[in-house]
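Here's the structure, in structure tokens; my notes come after.
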Amino acid sequence: MRNLFRINPTHLFRVFAFTGVVLLLFTLFSSVMTAQAATTRTGTGGRLITIHDNGQDRGLMTNATTLRDAFNEAHIPLDKNDLVEPGLDEQLVANNYEVNVYRARPVMIIDGAVRQNVMTPYQTAEQITQHAGIELHDEDKTTISRSDNIVADGSGLLLTINRATPFTLVLYGKKVSAYTQAASVGDMLKSKGISLGKDDTLSVGSATKIQAGMSIELWRNGVQTVTQSEDIAFTTQQIQDADQPVGYKVVQTPGVNGKKSVSYQIEMKNGIEVSRQVIQSVTTTEPVKQVETVGIKVNLPPGSHQDWMAAAGIAESDFGYVEYIVGHEGGWCPVRWQGDRGCVNHGSAPAGSGYGIVQATPGGKMASAGDDWLTNPITQLRWATGYAVGRYGSWAGAYNHWLSSHNW
């Protein structure tokens, strides 16, 4: 029995030697495979891109540094409205990427009477309307549905916008633009979480039907303080350019209204404001002055005053009456506002001021004689003749009235 279990040293050595060789070969094989795998990921084999495109998956190996280049190499077509995540021009630095492609498809947007067909890759109503440049308010409701008539709609998907009703809400003196899907004032207040106190008064009944553009006011009787934002009108500075004709105007710096926060002490009785007093006014944004360049050059027609009167259809026998009235009114300067000195256009004047050679008040009434009434004395004389005859019967009648009243 002992001979059966005797171990031959030579045989044992051979077993160990064979096992060592096997382990060495396995180690070398593993090293080679690891090196090849590394080369596959970062070497000449490139990086692995897995593309998920409308439910279909596709893998590709690439050395491209952007997805745009990778798609071009693989001849994968893209529409300008398709959406790719990550972005097409984002630099690729990792070994593996999962890429989602959202294909653009036509969507018919129905916004009241307006129907707009857009190509969009987006899925939600908010994303689609934003892509189409359509503003949604929080109270607007949207639904996406399948079209029953693709030929008529031009799309398989319909996005319908149910607009909320716009109205003005004055809440304890603060005015805001508001929107609601509610049918009545009471339902609107409930939907917005507004409850009435014992001293509160509504400007309309709670059962009143909500209509577009209506104003709903909620006041608290008694003395209260209200703070609201108000505009500060910008001023205008005009730079006169003697090389440009009258009527020329270029805005060099557009004016912008400023803002101020004004606090009022208001007394309310039965929902009616009985007094209002400013407590404090703070400018929050300064207005920006508008700067304009205006022309003041007067291009008078050729000839003498007599030539102008003749061109206006005035009889020579009336020239003396016209000379007297014009000499005591605008002094033959067609751009003179009442109170101006010299024949220079100084821009606009207060409403009701006289203008032109006969100081028509307001000057704009002379537009009935011609579009060039601002600068053309002949046009102004043509209007003045109609005025003199219509009011005084003749230029002689106008002259006699001026002598007695020093106006006409």
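The values are calculated or read from the model by the stated rules, or taken from the named source; none is laboratory data. Here the structure is a predicted model, which is why all the values come from computation and not from measurement. Cβ sites come from the backbone with ideal geometry, for glycine too, and all protein chains shown count toward neighbours. Accessible surface is based on the protein model in full, side chains and every heavy atom, while ligands, DNA and RNA are left aside. Shrake-Rupley method; radii C 1.70, N 1.55, O 1.52, S 1.80 Å.
Within the range 142-151, can you find the residues that are touching a Gly at 6+ places or on another chain (Cβ under 6 Å) and either surrounded by fewer than 16 Cβ atoms within 10 Å (Cβ to Cβ) or among the acidic types (Asp, Glu) (or both)?
Across the range 142-151, the qualifying residue is only Ile150.
What about Ala104, is it exposed (fewer than 12 other Cβ atoms within 10 Å of the Cβ), over 30 Å from Ile216 (Cα atoms), aliphatic (A, V, I, L, M) and in contact (Cβ under 8 Å) with a residue 24 or more places away in the chain?
Criteria not met by Ala104.
Restricting the first residue to the range 231-244 and requiring it to be at negative phi, which pairs with a second residue that is among the hydroxyl-bearing types (Ser, Thr, Tyr) and assigned to a loop (DSSP other than H, G, I, E, B) meet a Cβ separation below 8 Å and a spacing of at least six or different chains?
Asp241/Tyr248
Starting from the range 386-400, take each residue that is touching a residue at least 12 places away in the same chain (Cβ under 8 Å) and list its partners that are open to solvent by less than 50 Å² (accessible area, probe 1.4 Å) and of a type in the set (S, T, N, Q), counting only C-beta distances under 7 angstrom and pairs at least six apart or across chains.
If the second residue must be open to solvent by less than 50 Å² (accessible area, probe 1.4 Å) and of a type in the set (S, T, N, Q), the pairs left are Ala388/Ser394.
Report the residue count in the range 49-62 for those that are exposed (fewer than 14 other Cβ atoms within 10 Å of the Cβ) and on the phi < 0 side of the Ramachandran plot.
Looking only at that region, the number is 5.
Test of understanding: among Glu139, Glu126, which residue is exposed (fewer than 13 other Cβ atoms within 10 Å of the Cβ) and either within 30 Å of Ala178 (Cα to Cα) or small (Gly, Ala, Ser) (or both)?
Going through Glu139, Glu126 in turn, just one is exposed (fewer than 13 other Cβ atoms within 10 Å of the Cβ) and either within 30 Å of Ala178 (Cα to Cα) or small (Gly, Ala, Ser) (or both): Glu126.
State all residues of the range 230-269 that are more than 23 Å from the chain's Cα centre (by Cα), within 30 Å of Gly173 (Cβ to Cβ) and small (Gly, Ala, Ser); if no residue qualifies, say none.
Across the range 230-269, the qualifying residues are Ser261, Ser263.
What number goes with the only condition from (1) touching a residue at least 24 places away in the same chain (Cβ under 8 Å); (2) surrounded by 14 or more Cβ atoms within 10 Å (Cβ to Cβ); (3) on the phi > 0 side of the Ramachandran plot that Gly46 does not pass?
Going through (1) touching a residue at least 24 places away in the same chain (Cβ under 8 Å); (2) surrounded by 14 or more Cβ atoms within 10 Å (Cβ to Cβ); (3) on the phi > 0 side of the Ramachandran plot one by one, Gly46 breaks only (1).
What are the pairs with Cβ atoms under 8 angstrom where one residue, in the range 121-133, is within 13 Å of Pro106 (Cβ to Cβ) and the other, located anywhere, is surrounded by fewer than 19 Cβ atoms within 10 Å (Cβ to Cβ) and basic (Lys, Arg)? Sequence gap at least six, or different chains.
Qualifying pairs under 8 Å: Pro121/Arg103; Pro121/Arg105.
Filter the range 284-295 down to the residues that are assigned to a strand (DSSP E or B) and surrounded by 12 or more Cβ atoms within 10 Å (Cβ to Cβ) and list them by number.
Thr285, Val288, Gln290, Val291, Glu292, Thr293, Val294, Gly295
Only one of these conditions is not met by Arg336: (1) among the charged types (D, E, K, R); (2) within 16 Å of Gly247 (Cβ to Cβ); (3) modelled with pLDDT of 90 or more. Which number is it?
With respect to (1) among the charged types (D, E, K, R); (2) within 16 Å of Gly247 (Cβ to Cβ); (3) modelled with pLDDT of 90 or more, Arg336 is out only on (3).
Could you grab me the full set of residues in the range 185-205 that are over 22 Å from Gln224 (Cβ atoms) and among the hydroxyl-bearing types (Ser, Thr, Tyr)?
Within the range 185-205, just Ser191 meets the criteria.
Can you tell me which residues in the range 152-176 are modelled with pLDDT of 95 or more, surrounded by fewer than 18 Cβ atoms within 10 Å (Cβ to Cβ) and farther than 30 Å from Pro121 by Cα?
Correct list: Pro166, Thr168.
Filter the range 193-213 down to the residues that are open to solvent by 70 Å² or more (accessible area, probe 1.4 Å) and under 28 Å from the mean Cα position of the chain (by Cα) and list them by number.
Gln211, Ala212
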